[in-house]
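Report on one structure; see the data block that follows.
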Amino acid sequence: PHNMTSLDLSSVTLQYFPIQGRGEPIRLLLADARIPFSESNDAASFFANKHDLAQYRFQQLPRLSVVRADSGSGSGDEVVHLAQQGAILRFLAKAARYGEGATPWQEALVDQLQDACEDLNSAYTRCIYGQDAVSPRSRSSGARQRIAGRARSVERGRGACHELAEGPSRRSSR
């Protein structure tokens with residue numbers, strides 16, 4: 001188990017573009033967990049500094065910056081920059097003690113849904129920015145069908161997750 005109880009989240013900054021995109025689930029979780037945060041939408045700063053791997057580990061946004069208190073080493077507080085939407089969401093969920101006491105099955109179901117949402121986001125991105133999305137007309141024709149199909153797949157998976165969460169004994173008694 002991780003010791004997240006002593007984690008200080010009083011100085012959190014989310015850096016992302018001024019759009020919903022991959023930053024929105026992070027904003028929603030921060031708000032839901034009542035974790036105060038500031039947000040930077042300074043794209044110019046990101047593009048000027050993205051090659052600094054200490055600041056932008058994967059040269060991408062979103063990035064969550066958290067002040068980590070002195071661990072007793074005498075080096076003082078440090079700012080830790082977390083990258084990747086999924087990793088940031090899992091960190092915040094653990095820090096906010098979401099799912100505390102959850103079984104490995106329940107945790108796996110949440111991870112499964114997160115990954116399905118990532119698949120949906122990838123399909124959307126391909127439709128908007130991929131090779132076949134050269135004009136608004138081509139985007140609207142096939143893109144809607146592909147996105148709708150992926151969304152139906154996620155919804156079917158969500159239903160299967162509920163069934164799996166009930167466990168084998170409850171499913172067999174139906």
Scan the stretch 44-66 for residues that are touching a residue at least 12 places away in the same chain (Cβ under 8 Å), more than 21 Å from Lys94 (Cβ to Cβ) and in a loop (DSSP other than H, G, I, E, B) and jot them down. Ala54, Gln55, Tyr56, Gln60, Leu61
Across the stretch 15-43, which residue is farthest from Leu92 (Cα to Cα) among those that are open to solvent by less than 70 Å² (accessible area, probe 1.4 Å) and among the hydrophobic types (A, V, I, L, M, F, W, C)? Ala43
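Got a sec? Which of Leu120, Leu164 is open to solvent by less than 80 Å² (accessible area, probe 1.4 Å), among the hydrophobic types (A, V, I, L, M, F, W, C) and at pLDDT below 60? If you could, list the steps in order and put the result at the bottom.
Details: Leu120 fails: at pLDDT below 60.
So the residue among Leu120, Leu164 that is open to solvent by less than 80 Å² (accessible area, probe 1.4 Å), among the hydrophobic types (A, V, I, L, M, F, W, C) and at pLDDT below 60 is Leu164.
The values are calculated or read from the model by the stated rules, or taken from the named source; none is laboratory data. The structure presented is a predicted model; accordingly, all values stated were derived computationally and were not measured. Every residue, glycine among them, receives a Cβ derived from its backbone with ideal geometry; neighbour counts consider all protein chains shown. Ligands, DNA and RNA are excluded from the accessible area calculation, which covers all protein heavy atoms including side chains. Shrake-Rupley method; radii C 1.70, N 1.55, O 1.52, S 1.80 Å.
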